[in-house]
Amino acid sequence: MVGIKAKWKISFVILTIVTFLSGCFVSGCFGEKQALAPLKDGKQKIKVLYHTKGQFNRDYGKLFKAKYPNIDVQVIPIIAKDNSIPFYQVDQQDEEKIKKLIEQHQPDVLLLNENLFTSYMQADKLYSLEEAIVQDQFDLTGYMPGLIDNLREKGNGKLYTLTPSFRAPVLYYNRDLFTENNIEFPRNQMSWEEILILSKKFQGIGTGKNQVSGLYRINMSGVENNPLFFNDVASTFPLHMFDAKAKKLLIHSDGWKKVFKLTTDAIRSQAVSFTPPRSSIRELFAFENGKAAMTINGPMFIHGLEDPIRHGSETKKINWDIVTAPIDPQNPNEAADIRFGGMYAVLANSPNKRAAWEFVKFVNGTEMEKISSRSRHKSLSTRNQLLKEIKGRSVEPFYKLKPMLHRSDLRSHENVPQEFYDLYRPLLKDALKAIVANKKTVDEALAELQVKGQNALVQTQAGKNPNRPMKKHTPSPKHKGGKKKK
């Protein structure tokens, strides 16, 4: 009969073997190849695609050099000037320029937007980070809700990218205006319909210069107000303008009808008001000066609210607070306008994958989260373990919703040339204007927009753009003046 001590020894030996074997699966015993070999001794060099060298040094360069003195970084600048283009705003021409840069320089680390990421991932040009994450036990638990699932979904089940920052709008509101007029405060996860109903309750409050707006839309973009607000509302819903092959326009549908009716009713009833053309300081900063109950903006807006001198306020700081931006009632836990500050990926054929991964890991790690939590919050860290409030207000509304996976193709589509959108915008403006003025019903305007938009789609996909100026024919020198030169 085996004694208690013998049983204990056997159990200990078995446990030791199991632990050893488990470690081998991760560390690569018995000649098993690791996902990534350790960093080599001596100097190593990686190429990183980034906005500019100057911005790279400010954002990461000095900090990365301090932690990895043996890794030299060569920055491949995306733009010539020392100012960054938000990646979610670059157009197809910019994306083509970035692709040429990548082809020419073969950077080890790529900074991509969502369109570029999809293009490179589908072409099998990106390195899967999954095994490296497991090998290095990189913490994925501290990210905002839904982010890692969203990135894996974009990678067809695998993580090819990590993103350290994001921008998201929220609904700012003036607590005092709501309290003084006995109107209930906004709450998280309100729909556009609910917010516009709330906005209408402020109609008739104040007169002249003291008139109070409900929902105020700041417009400094140069785009006309009606299409701008239409885009705000439409982007909340996962509507598609095109069929799967982008050969057919789908604008004349029940979902789009709802958006057209909602936006034109709000504009006609003045449930939403806009920055007037040639605005004065007072009009431009209506919310900051207590003349608007609500507005939608990003995290950087907070610093203007806390600095009245910046916007020429003659009054004290307003008593503001925030809730989530409007949501789609069918998807109340998702936010359409969460935009990634940049998606970091490693080129599949990079000869320096370990050093490249160390950089991606550093940019997306907890050390950078600490630095981001102390910044001025132009963008926010996708990790949400440290930052709990800004200027005494909870940051929960920024982090509460998941990034929407299938966003509207209202502004761009990989199979639709930019020229289509150039032709479509004035058509949309005319349709909205006719509906607001009650010259056409929503059905009539959409039927016409469907036909004209489809024609524009066909023309631009065929390489034709009727608005593009024709090249003037210049006669060759030998025919100049009607006589051949001798």
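The values are calculated or read from the model by the stated rules, or taken from the named source; none is laboratory data. Keep in mind it's a predicted model, so treat the numbers as computed, not measured. Cβ: placed from backbone, ideal geometry, glycine included. Neighbour counts: every protein chain shown. When the accessible area is computed, the model is the full protein with side chains, heavy atoms only, and any ligands, DNA or RNA have been set aside. Shrake-Rupley method; radii C 1.70, N 1.55, O 1.52, S 1.80 Å.
What's the magnitude of the charge dipole for region 186-293 around its Cα centre, counting Lys and Arg as +1 and Asp and Glu as -1 at the beta-carbon? Answer in Debye, nearest 20.
120 debye
Taking H as built 1.01 Å from N, whose amide H comes closer than 5 Å to the amide H of F274, not counting residues under 5 places away?
R217
State whether region 312-439 is rounded, prolate or oblate according to the following rule on the C-alpha gyration tensor (a ≥ b ≥ c being the square roots of its eigenvalues): a/c under 1.5 gives rounded; otherwise a/b larger than b/c gives prolate, and the remaining case gives oblate.
Judged from the Cα gyration tensor, region 312-439 comes out oblate (a/c at least 1.5, b/c at or above a/b).
For a quick check of your reading of the filter: which GluC sites (Glu not before Pro) in region 380-471 sit in a DSSP loop and have no more than 15 other Cβ atoms within 10 Å?
Within region 380-471, the qualifying GluC sites (Glu not before Pro) (loop, at most 15 other Cβ atoms within 10 Å) are E414.
Rounding to the nearest 20 debye, state how big the charge dipole of region 345-441 is about its Cα centre with +1 on each Lys and Arg Cβ and -1 on each Asp and Glu Cβ.
So the dipole magnitude of region 345-441 works out to roughly 460 debye.
Could you give each residue of region 349-359 its phi-based ³J(HN,Hα) in whole Hz, using Karplus coefficients 6.51, -1.76, 1.60 with θ = phi - 60°, and x for Gly or Pro?
With coefficients 6.51, -1.76 and 1.60, one gets 9, 5, x, 10, 4, 4, 5, 5, 5, 4, 5 Hz.
Let's see if you can work this out: charge +1 on each Lys and Arg Cβ, -1 on each Asp and Glu Cβ, no other charges. What is the dipole magnitude of region 94-167 about its Cα centre, in debye to the nearest 20?
180 debye
In this model, which of K158/K402; K99/K361; K99/K402; K65/K391; K100/K154; K158/K353 are farther than 26 Å apart at the alpha-carbon?
Checking Cα-Cα distances, K99/K402; K65/K391 exceed 26 Å.
Is region 341-407 best put as rounded, prolate or oblate by its Cα gyration tensor, with a ≥ b ≥ c the root eigenvalues, rounded for a/c under 1.5, and otherwise prolate when a/b is larger than b/c, oblate when not?
oblate
Along the charge dipole of region 116-189, Cβ charges K/R +1 and D/E -1, which of G146, P169, F185 sits furthest on the positive end?
The Cα lying farthest towards the positive end belongs to P169.
Would you please classify the overall shape of region 221-272 from the alpha carbon gyration tensor, given that a ≥ b ≥ c denote the square roots of the eigenvalues, rounded means a/c under 1.5, and beyond that prolate means a/b larger than b/c while oblate covers the rest?
Prolate is the answer for region 221-272, as a/c is 1.5 or above and a/b outweighs b/c.
Which ³J(HN,Hα) values in Hz, rounded to whole numbers, follow from the phi angles of region 36-42 under the Karplus curve 6.51 cos²θ - 1.76 cosθ + 1.60, where θ = phi - 60° and Gly and Pro get x?
Those phi angles translate into 9, 5, x, 4, 6, 6, x Hz.
How much accessible surface does R411 have with a 1.4 Å probe, in Å² rounded to 10?
Taking all protein chains as shown, R411 has close to 110 Å².
If Lys and Arg each add +1 and Asp and Glu each add -1, what is the summed charge of the other residues whose beta carbon sits under 13 Å from the beta carbon of N352?
With Lys, Arg at +1 and Asp, Glu at -1, the net is +3.
How many angstrom lie between the C-alpha centres of region 345-375 and region 111-184?
So the two Cα centres are separated by 15 Å.
Check which residues have an amide H placed less than 5 Å from D72's amide H, if you skip close sequence neighbours.
HN-HN under 5 Å from D72: Q44, K45, I46.
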